[in-house]
1. Got a sec? Which of 75, 44, 16, 80 is within 13 Å of the chain's Cα centre (by Cα) and on the phi < 0 side of the Ramachandran plot?
2. In segment 130-142, which residues are surrounded by fewer than 17 Cβ atoms within 10 Å (Cβ to Cβ) and either in contact with a Leu (Cβ under 9 Å, 6 or more places away or on another chain) or within 17 Å of residue 37 (Cβ to Cβ) (or both)?
3. Being in contact with a Ser or Thr (Cβ under 7 Å, 6 or more places away or on another chain), small (Gly, Ala, Ser), more than 15 Å from residue 97 (Cα to Cα) and crowded, with 17+ Cβ neighbours inside 10 Å is the requirement here; does residue 38 meet it?
4. With the checklist (1) surrounded by fewer than 17 Cβ atoms within 10 Å (Cβ to Cβ); (2) in contact with a helix residue (DSSP H, G or I) (Cβ under 7 Å, 6 or more places away or on another chain); (3) part of a loop (DSSP other than H, G, I, E, B) in hand, flag the one item residue 26 doesn't pass.
5. Working only within segment 63-87, note down all residues that are touching a residue at least 40 places away in the same chain (Cβ under 8 Å) and farther than 16 Å from residue 97 by Cα.
6. Of the residues 50, 115, which is surrounded by 13 or more Cβ atoms within 10 Å (Cβ to Cβ) and touching a Phe, Trp or Tyr at 6+ places or on another chain (Cβ under 9 Å)?
7. Here are the criteria: (1) under 19 Å from the mean Cα position of the chain (by Cα); (2) surrounded by fewer than 18 Cβ atoms within 10 Å (Cβ to Cβ); (3) closer than 26 Å to residue 10 by Cβ. Tell me which single one residue 127 does not satisfy.
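The numbers here are math on the coordinates, done by the rules we state, and not lab data. Just so you know, these numbers come straight off a predicted model, no measurement behind them. Here the Cβ is made from the backbone with ideal geometry for all residues, glycine too, and neighbour counts use every protein chain on show.
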Amino acid sequence: MKTYHQRPAEVQRDWYVVDATAQVLGRLATRIATLLRGKHKPTYTPSIDGGDFVIVVNCEKIKITGKKADQKIYYRHTGYPGGLKATPYKMMLAKHPDRILRNAVKGMLPKNRMGRHLLTKLRIYAGPRHPHAAQQPKVWSPR
């Protein structure tokens, strides 16, 4: 029996829409990363981008557990000396709720060229509406 290796021309991509209302951040991010990589398909090949497109709506209604709402801080650096910027979770949720989920999913993807490419297939919207109706996305529900 031979091992199956998927070719890029054989990839079948679907569009999924995920509602983030009352979902736990980390658990939702792992499921989204699985969809982006294509690990939910029997034709999964690690070196090939066989994943699907994911649309996330209502990311402003995502929840986190424990005391993370008070303690979690997001860091970024401007590139200049002394340019470390710290943003608390509550401020990030108020200003840029999409970046919270994008950072969580980015941390779960490979740290290479393919991981950066996979992140381009993720579309995140703060509200319940998205402009991708023409792609006829399937509604994805968590297990």
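1. Matching residue, one of 75, 44, 16, 80: 16.
2. Correct list: 142 only.
3. No, not satisfied.
4. That leaves (3) as the condition not met.
5. Within segment 63-87, just 65 meets the criteria.
6. After ruling out the rest, the residue left standing is 50.
7. For residue 127, the failing item is (3).
Conditions tested, residue by residue: (1) in a loop (DSSP other than H, G, I, E, B); (2) of a type in the set (S, T, N, Q); (3) within 30 Å of residue 131 (Cα to Cα); (4) out of contact with any helix residue (DSSP H, G or I) (no Cβ under 7 Å at 6 or more places or on another chain).
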| site | (1), (2), (3), (4) |
| --- | --- |
| 41 | yes, no, yes, yes |
| 47 | yes, yes, no, yes |
| 56 | no, no, yes, no |
| 75 | no, no, no, yes |
